[in-house]
1. Could you tell me the number of lysine pairs in the range 1-55 with C-alpha atoms less than 15 Å from each other, where the two lysines are 8 or more residues apart or belong to different chains?
2. Along each of the three principal axes of the Cα atoms of the chain, give the extent in whole Å, ordering the values from largest to smallest.
3. Please give, to one decimal in nm, the separation of the simple spin-label points placed at ASN52 and GLU20, each 7 Å out from Cα toward the Cβ.
4. Given a Förster distance of 30 Å, report the FRET efficiency between LEU45 and LYS8 from their Cβ-Cβ distance, rounded to the nearest 0.05.
5. Given a 1.4 Å probe and heavy atoms of the protein chains only, how would you sort PHE63, PHE42, PHE54, largest accessible area at the top?
Amino acid sequence: MGECTVLKAYRKLYKIKAQEMAELLGITLPTYCNKENGKATFTILEAKTIANKFNKTIDEIFFNDNVILE
């Protein structure tokens, strides 16, 4: 499972819309979708913001092939 799939899984688990994530990161929805789908990369600051949102580490979101949904 790739990094974007893990991120999408957590986002859906917590019932967070892509638009909300885009707003959290201060980017447009199309830009967020491109990043989540692996067509562009997240900055380290964006990755940290996302990890904090889900109370996970950057590794758990972006470098883990196994999703443990709690």
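1. Close lysine pairs under the 15 Å cut-off: 9.
2. Principal-axis extents of the chain (Cα, largest first): 29, 22, 18 Å.
3. My value for the distance between the label points is 1.8 nm.
4. 0.90
5. Output order, biggest surface exposure first: PHE63, PHE42, PHE54.
The values are calculated or read from the model by the stated rules, or taken from the named source; none is laboratory data. Note that the structure is predicted; figures quoted are calculated from it, not measured. When we count neighbours, we look across all protein chains shown, and the Cβ atoms used for this are built from the backbone with ideal geometry, even at glycine. What goes into the accessible areas is simple: the full protein's heavy atoms, side chains included, and nothing from ligands, DNA or RNA. Shrake-Rupley method; radii C 1.70, N 1.55, O 1.52, S 1.80 Å.
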